[in-house]
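The values are calculated or read from the model by the stated rules, or taken from the named source; none is laboratory data. Just so we're clear, the structure is a prediction, and the values are computed from it rather than from any experiment. Backbone-built Cβ (ideal geometry, glycine too); neighbour counts: all protein chains shown. These area figures cover heavy atoms from the full protein model, side chains too; ligands, DNA and RNA do not enter into them. Shrake-Rupley method; radii C 1.70, N 1.55, O 1.52, S 1.80 Å.
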Amino acid sequence: MKIQTEQFGELELEDNRLLTFERGIPGFEEETKFVLLPADPSGDSPFFFLQSTEHAAISFFMADPFVFLPDYEVKLDDALTGQLKLEDPSDAIVLVTVTPNKQIVEATANLKAPVVINNKQQLGKQIVLNNPNYQVKHPLFQQAARQV
């Protein structure tokens with residue numbers, strides 16, 4: 001399949017890269033088809049773009065939260081596990097939306113509402129966690145942010 005992106009131009013991707021968000025993403029409910037693109041093609045980066053396959057302008061900057069916050073915890077209830085058809089926790093990818101701000105050291109991550117993807121079934125969903133310690137604008141680079 002071919003898709004248009006603002007970050008990388010036109011891309012030719014295998015059909016098995018297509019992710020389905022059955023109810024879209026909050027605020028973008030009509031967008032149900034996405035692909036996950038590494039921000040760095042070498043694959044050495046914890047950053048990704050969750051790119052709509054229909055609209056080049058709809059793309060979310062994402063990060064692997066565990067790289068920055070090893071104690072981050074996402075508990076999935078049985079209903080969500082069923083919706084995503086998750087049989088094994090190792091099939092799940094958890095990503096958080098990142099807002100870069102003016103400088104990358106000022107980036108914030110939405111820890112309150114991560115995106116969970118079943119990498120085997122190619123299904124995704126944004127969820128809301130009830131943990132009061134997780135913020136919508138959590139400083140991603142806490143150590144660096146304290147030094148600035």
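Using 7 Å Cα-to-Cβ label points, what is the Gln121/Arg17 separation (nm, one decimal)?
2.4 nm
Are there GluC sites (Glu not before Pro) in segment 2-48 that DSSP marks as loop and that have at most 14 other Cβ atoms within 10 Å, and which are they?
Those satisfying the criteria are Glu6, Glu14, Glu22, Glu29, Glu30.
Of the options Ala63, Gln121, Gly9, report the single residue whose Cα projects farthest towards the positive end of the charge dipole of the chain (beta-carbon charges: Lys, Arg +1; Asp, Glu -1).
Checking the options against the dipole of the chain, the answer is Ala63.
Determine ³J(HN,Hα), in whole Hz, for all residues of segment 14-23 in sequence, where each value follows from phi through the Karplus function 6.51 cos²θ - 1.76 cosθ + 1.60 and θ = phi - 60°; x replaces Gly and Pro.
5, 4, 6, 8, 5, 9, 10, 10, 3, 10
So who's got an amide H within less than 5 Å of the one on Leu123, skipping anything under 5 residues away but keeping other chains? H placed 1.01 Å off N, in plane.
Under 5 Å from the amide H of Leu123: Thr20, Asn118.
Over the chain, with a Gaussian network built from C-alpha contacts below 10 Å, which listed residue (Ala57, Ala113, Ala39) shows the highest mean-square fluctuation?
Between Ala57, Ala113, Ala39, it is Ala57 that shows the largest mean-square fluctuation.
If you keep only loop residues by DSSP, which trypsin sites (Lys or Arg not before Pro) in segment 6-113 have at most 15 other Cβ atoms within 10 Å of their Cβ?
Those that pass, being in a loop and sparsely packed, are Arg23, Lys75, Lys85, Lys102.
³J(HN,Hα) across segment 82-99 via Karplus (A = 6.51, B = -1.76, C = 1.60, θ = phi - 60°), whole Hz, x for Gly/Pro?
x, 4, 8, 6, 7, 9, 9, x, 5, 7, 8, 10, 10, 10, 10, 6, 10, 10
For the chain, what class follows from the C-alpha gyration tensor (a ≥ b ≥ c being the square roots of its eigenvalues): rounded when a/c is under 1.5, otherwise prolate if a/b is larger than b/c, else oblate?
The shape class here is oblate.
Which whole-number value in Å² is the accessible area per residue of segment 28-148, probe 1.4 Å? Mind dumping the intermediate values first?
Numbers: 6820 Å² over 121 residues.
Result: 56 Å² per residue.
May I ask for the distance between the Cα centers of segment 1-38 and segment 89-148, given as a whole number of Å?
19 Å
Starting from the Cα of Gln135, step 7 Å along the direction of its Cβ; do the same at Glu73; then give the gap between the two resulting points in nm.
Calculated label separation equals 2.1 nm.
May I ask you to give the percent of accessible area on segment 42-108 that is carbon plus sulfur, with a probe radius of 1.4 Å? Present the calculation step by step, with values, prior to reporting the outcome.
Values: 1950 of 3790 Å².
It is 52 percent, rounded to a whole number.
Would you kindly derive the ³J(HN,Hα) couplings of segment 106-117 from the backbone phi angles with the Karplus curve 6.51 cos²θ - 1.76 cosθ + 1.60 (θ = phi - 60°), listing them in order in whole Hz, with x for Gly and Pro?
Calculated HN-Hα couplings, in order: 9, 4, 10, 10, 8, 7, 6, 10, x, 9, 10, 10 Hz.
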